[in-house]
Each structure stands twice: as structure tokens, then as C-alpha cells.
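The values are calculated or read from the model by the stated rules, or taken from the named source; none is laboratory data. This is a predicted model, so every value here is computed, not measured. Using ideal geometry, Cβ is built from the backbone for each residue, glycine included, and neighbour counts are taken over all protein chains shown. Surface accessibility is based on the protein's heavy atoms, side chains included, excluding ligands, DNA and RNA. Shrake-Rupley method; radii C 1.70, N 1.55, O 1.52, S 1.80 Å.
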Amino acid sequence: MGQHLEDEYSNAYIPNKFNNSPVFSSDIALDQVANAVVHPVTKETITKYEKLANDPVMSDTWCKAMCKELGRLAQGYKETKGTETIFFMSKEEIKQIPRDRTVTYARIVVDYRPQKDDPNRVRITAGGNLINYPGELTTRTADLTTSKILWNSTISTPGARYACADIGNMYLMTPMDRYEYMRIKADLVPEEFKQQYKLHDKIHNGFIYMEIRRGMYGLPQSGMLANKLLKKRLAKHGYFELPHTPGLFKHATRPVQFSLVVDDFGIKYIGKEHLDHLMQSLREHYD
């Protein structure tokens, strides 16, 4: 069955990042695996950033990774471009946080991805369990049945091809309809980063406070806001969601359909110029 499907898709357009990925193989696609961090000397598996940052062997590597992640969320760090998702708050600004907002915590995740140019990865998410968002949180998304039907439709349609795509930093590109707030222990922020952003004067009771101005992983409203904005932007280029099939989109005139799950696209198209049109439409606003 796997070999048969591979033959069916042998002429499909495949993005370069997937060229060597065994999509239809029973083997694990190692290029998509995130690994635990293993200490090079003791061979201990480490899951806490704080332990990595205080380890004499691994401190430099993981403190640099933390600087990159904070810079990505903020206004940049060296070669890392900022998304202006968070802004560090002064003590006076902390006093002005609206009373109906809960200051949540920063959750830090570390992993090792050897297939990446920068394999040592730190990711910060907001503690969404403390956020009480008053609006709608539901997001329409494609289910497995919709995806299977689209795959079968691709196989059975003469000249049709299938492609996969995803949007980088989709949540971080979405403005918030109301700001949220988060804090992180000051001693978890590397000294180099504190100096660049002049954070020493902003430390309050041992914490650095941040105002979240764009969608961030962990916030319960991020998915809904990102999905709503994506639909609005795609509509300007002729793409719309079918009313009775959540997560299935098509173009008004071009032979393009795609399923959408969070930020991942499964695209059926006839003619690469039509796929390129969709890609260009997305690149106007996303990485």
C-alpha cells in the first residue's frame, strides 16, 4: 500500500524541505523528530532550562539559545529578527496592568533537533491555564476525513498534484484584540540579554514582566485570532472556506483546494502556477 501511494505521488510537486523525507515509508521521518537534551558527559536527560543554564559544560550554549528565543519574541537579538510579540515593562507600567488581567507565567521548553541549522532550541509559551479570555475560542479546522477525501480527490483527478506547506511564526504574526501579561524569573534571563534590553531597572520582586501584544503559543485565544486573520488575508486573494466543511478552502476561479489544520496546509492543485499564487499570497504576511 505504501509503495503504491508513493508511485501515485511520484510526480507531485514537493517543497525542498521534504525532498528527502520518507513520507510514505514505514520508517520514522527523523528530520521531523525533536529529541530530549542529553548531557554530553553524564548522559543524563535534562528537561529543565534552569538546570542547563547552571551547568558549567552546557551553560553557554543554552543561555545563547534563550537569548535568541527572547529576542525572537521581543525586538530582536543579534542576527535573530524580532516579532514584537512581547514588550518588557517598567515598574510604572506594571502598576498599570488592568485589573481584569491575570499575569501568567512563562513556560520554558528545551529540545535538541540535530536536523536544524541551530539544533539547540528554547521555546517560551504563555501559561494559558491562568488566562480568562471573555470571547469565543473555537476554531474551525479540517479533520482526518476531510484530509483523506482531498488525498483521494488528488489521486483521481487528471493532472492534479498535492503539496504541503506551513506558516512560520503564524501565531506571532497576529495582533491581539486585547493585551495579556506574563512574567519570568529574572535569574532565568541571561545577563547579556538583560544588558541589551536594560532590564535590571525593570526587575520587580525578582521577576521581569512582559506585555503580550501579538498572539503567542499557550494563550487560549491565539488560535482563534490567527485563524480569523488568515481567512481575512486569504479572502483578498480569492480564497474562501467552504461553509459546510470546516478547514476546507478553495479559490473562486483557480483549480486550488486546501485543508487547513492550525498552520499546516494540504494543497490540491492543477498547474504549478496556481500553487505559486497561493504561496505568494501567504508570503505577503507570513514567513
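Measuring only protein heavy atoms, the 1.4 Å probe finds residue 55 accessible over about 30 Å². Dividing the alpha-carbon radius of gyration of the range 135-176 by the rule-of-thumb value 2.2 N^0.38 Å gives 1.67. The string of couplings for the range 199-214 from the Karplus curve (6.51, -1.76, 1.60, θ = phi - 60°) is 8, 4, 6, 9, 6, 10, 6, x, 10, 10, 9, 10, 9, 8, 10, 10 Hz, one whole number per residue in order, with x for Gly and Pro.
Applying a threshold of 18 Å to the alpha-carbon distances of 68/95; 95/202; 250/272; 91/185; 43/68; 236/272 flags 68/95; 43/68; 236/272 as lying beyond it.
Rolling a 1.4 angstrom probe over the range 69-153 with all protein chains present gives an accessible area of which 48% lies on carbon and sulfur atoms. Per residue, the range 54-167 exposes 57 Å² of solvent-accessible protein surface, assessed with a 1.4 angstrom probe and all protein chains in place.
Could you order 180, 136 by accessible surface area, starting with the largest, using a probe radius of 1.4 Å? If you can, show how the numbers build up before the last one.
Values: 180 0, 136 115 Å².
These residues rank, largest area first, as 136, 180.
Could you list the trypsin sites (Lys or Arg not before Pro) in the range 138-219 that lie in coil according to DSSP, counting only those with at most 12 other Cβ atoms within 10 Å of their Cβ? Show your work: numbers first, answer last.
Details: sites: 140, 148, 161, 178, 183, 185, 194, 198, 202, 213, 214; in loops: 140, 198.
Answer in residue order: 198.
Between the residues 172, 251, 220, the greatest Cα displacement towards the positive end of the dipole of the range 147-287, with unit charges on the Cβ of Lys, Arg, Asp and Glu, is found for 251.
Top to bottom by accessible area (1.4 Å), largest first, where do 79, 192, 69 land? Please report the intermediate quantities before stating the final value.
On the way: 79 130, 192 90, 69 0 Å².
The most accessible residue leads, giving 79, 192, 69.
Determine the alpha carbon to alpha carbon distance for each of 198/231; 64/228; 228/268 and list only those over 31 Å. Exceeds cut-off: 198/231; 64/228. Here Cα extents along the principal axes in Å was calculated from the structure, and among (1) 76, 51, 41; (2) 65, 48, 30; (3) 79, 47, 31 it sits at label (2).
What's the carbon and sulfur percent of the range 212-287's accessible surface, probe 1.4 angstrom, rounded to a whole number? That fraction is 54 percent.
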